1. A:SER211 label point, 7 Å along Cα→Cβ, cut-off 15 Å on backbone N: hits in the range A:229-247?
2. Taking 8 Å as the Cα distance limit and 6 or more residues as the minimum spacing, I'd like the relative contact order of chain B as a percentage.
3. So what is the accessible area of the range A:9-291 per residue, in Å², with the probe set to 1.4 Å?
4. Along the Cα-to-C-beta direction of A:THR100, a point sits 7 Å from the Cα; which residues of the range A:252-270 have their amide N less than 17 Å from that point?
5. Looking at the range A:205-270, which GluC sites (Glu not before Pro) are DSSP coil and have at most 12 other C-beta atoms within 10 Å of their C-beta?
6. Compute the separation of the alpha-carbon centres of the range A:239-271 and the range B:243-270 and state it in Å as a whole number.
7. At a 10 angstrom cut-off on C-beta neighbours, averaged per residue, how do the peptides B:26-38, B:274-286 rank from highest to lowest?
8. Please report, to two decimal places, log10 I(q)/I(0) for the range A:25-181 at q = 0.12, 0.15, 0.21 Å⁻¹ as given by the Debye formula with identical point scatterers on the Cα atoms and no solvent.
Amino acid sequence: MTPPPFAAPASTALPNSAQAPDLTPQVGEYGVPQPSAAEPVFTIRDLSVYYGGNVALKEVSLDIMPREITAIIGPSGCGKSTFIRCLNRMNDLIPGATVTGDVFYHGQNIYAPEVDPVAVRRRIGMVFQRPNPFPKSVYDNVAFGPRINGFKGDLDELVENSLRAAALWDEVKDKLKKSALNLSGGQQQRLCIARAIAVEPDVILMDEPASALDPVATVRIEDLMQELKKQYSIIIVTHNMQQAARVSERTAFLYTEVDEETSSRWGILVEHGETGLIFTRPKDKRTEDYVSGRFG
Amino acid sequence: MGRSPSPGESAGAKVSDINSARPAGRRLWTNRLASAAMLGAVLLAMIPVGLILSYIFAKGMAAMSWEFLSEPTPFSFRRAEGGFLNGLIGTGIMVGLATLVSVPLGILAAIYLQEYGRGLLANLIRFFSDVMTGVPSVFVGLFVYTAFVLPFGFGAVMGAAALAIIMLPIVVRTTEEMLKLVPLELQHGSFALGASKFQTIIRVVLPSALPGITTGVLLAVARAAGETAPLILTALGSLTITTKLIGEPISALPLLIFDGARNPFAAGQERAWAGALELLALVLIFTLLARIVASRSKISS
Ligand SMILES: Nc1ncnc2c1ncn2[C@@H]1O[C@H](COP(=O)(O)OP(=O)(O)O)[C@@H](O)[C@H]1O
Ligand SMILES: [Mg+2]
């Protein structure tokens with residue numbers, strides 16, 4: 001699947017990967033496919049985010065590989081949501097937020113001036129922490145994206161396929177015309193996933209998708225993610241380390257750095273790599289302390 | 001964080017809390033007393049409304065007939081025949097026109113205020129809507145009179161213009177309040193699916209706010225349907241049925257009620273009572289219809 005370019009920039013070409021060899025993820029030991037076989041979906045370089053002039057996330061550089069689940073972990077307030085919102089330009093919607101640095105999506109800088117953020121979000125879907133179905137019918141929720149994007153094919157079929165892909169079809173097939181607000185929390189969240197899938201994105205971003213759900217619903221979402229990663233690249237934010245260890249191939253650990261003098265705080269990327277390595281043999285002391293539950 | 005009490009200490013505090021609590025009986029009675037006081041206040045506030053409604057209903061029904069609904073007003077207050085059909089048609093035309101203009105305009109203005117309005121222009125619009133809601137309607141009538149009636153003469157369009165000016169700020173402010181209540185998360189959900197700002201407003205924000213917007217529109221329509229003073233200065237009133245929009249005076253139910261009520265003859269006064277009932281029923285029916293439509297357009301739950 002080659003995503004259509006948002007624009008045709010010559011000026012925003014991906015920097016030669018040889019310039020940043022140290023950022024290539026650690027691989028091989030746990031049977032994870034060699035990443036060199038695939039081009040990264042996202043190549044993030046020196047990404048910083050400011051809210052009203054205060055830095056919230058500082059100089060994050062990271063590669064995200066396709067058809068895998070990448071987990072972003074870290075203590076509360078370290079900038080996980082801020083980071084993931086950069087990947088589909090949702091931060092544009094927050095008044096006072098500014099983003100510096102580069103996010104290359106299949107080689108194209110999504111922060112280049114000629115890129116339309118609306119086009120970016122059509123390729124890169126998002127599922128939020130709290131389920132946020134529209135106050136419409138189940139069917140209209142799933143059909144929303146295709147409709148606004150001018151979908152011309154068989155909408156009924158697309159809705160059914162999306163609901164099946166989100167493992168929700170059997171539960172809602174008799175109440176497609178009923179309000180989505182009548183579904184349970186877990187069903188609503190799977191509906192939001194179906195809604196995101198219906199626009200046929202390339203990447204799905206999930207910001208703590210299970211944190212508002214009960215354990216049973218959480219397991220269902222995690223199982224669903226395993227199915228979805230065959231087709232989509234998934235990036236999931238979670239403060240739940242067991243969840244990250246269970247579902248993800250790769251993990252990035254963000255942590256809050258504090259300036260002792262001004263007591264201002266910001267998030268940094270401490271380390272990232274294969275999930276098994278991050279949890280068993282982290283290179284950084286802070287990662288080790290965090291994953292072993294010593295703080296956070 | 002702070003001093004942590006020993007287990008014995010905290011248990012002791014809890015026990016003494018329970019002991020020092022007021023007797024349950026007293027709390028119960030305070031609660032009952034407060035409830036009774038609130039119920040009393042509600043009943044007290046309902047008395048005038050109930051009296052007005054029942055009085056209009058009793059007096060109006062006595063004078064109500066098919067003839068009243070289907071015939072125009074006779075040329076003499078003394079004559080006991082005829083009805084207010086001329087006023088019904090005039091009210092329909094003028095309130096309809098005013099709604100057609102003020103509702104789309106008001107909703108658009110509210111969207112602008114809520115979604116785009118940050119600067120001086122937005123604050124000006126807000127300020128003038130607030131001022132306009134407080135302006136006595138006779139001033140609006142005077143304005144339309146000097147600006148449009150003097151050059152073009154009395155007519156339905158002039159009356160509708162005055163009513164639209166009265167309705168507009170009500171629609172703007174209630175719609176803006178309702179748009180504010182739509183959760184930001186819904187909008188973000190829409191943006192995340194690749195919707196533009198315009199698509200998000202049309203397909204997510206407005207439908208979510210629809211029941212509230214309907215209430216605002218109803219308030220404005222009910223207000224316009226009952227306005228008298230501005231119509232005296234713009235529509236003038238007429239005893240014959242007309243559907244001309246311009247160049248000819250036109251009647252309205254409040255105008256006929258006003259005329260009938262202040263004349264000394266029993267027949268004219270009775271028609272005024274029937275007219276009051278007709279206007280009340282009209283507003284009521286319209287309110288019910290709009291509510292049904294609004295709840296239909298939401299999805300079944
Ligand atoms: N909309 C915002 N405006 C201002 N500051 C924000 C906003 N969102 C997040 N922040 C700040 O950025 C930091 C990181 O927040 P966030 O990305 O939500 O962390 P996490 O998701 O890891 O809990 C926090 O200090 C938070 O206060
Ligand atoms: Mg968060």
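1. In the range A:229-247, the label zone of A:SER211 (backbone N under 15 Å from the point 7 Å along Cα→Cβ) covers A:236-244.
2. 26 percent
3. 42 Å²
4. Residues A:265-269 qualify, since their backbone N sits under 17 Å from the label point.
5. The qualifying sites are A:GLU260, A:GLU261.
6. Here the answer is 76 Å between Cα centres.
7. Those peptides, ordered most packed to least, come out B:274-286, B:26-38.
8. Values, matching the q order: -0.71, -1.01, -1.31.
The values are calculated or read from the model by the stated rules, or taken from the named source; none is laboratory data. Here the structure is a predicted model, which means the values were calculated and not measured. Neighbour counts run over all protein chains shown; Cβ positions are idealised from the backbone, glycine included. For the accessible areas, the whole protein counts, side chains as well, though only heavy atoms, and no ligand, DNA or RNA atoms are used. Shrake-Rupley method; radii C 1.70, N 1.55, O 1.52, S 1.80 Å.
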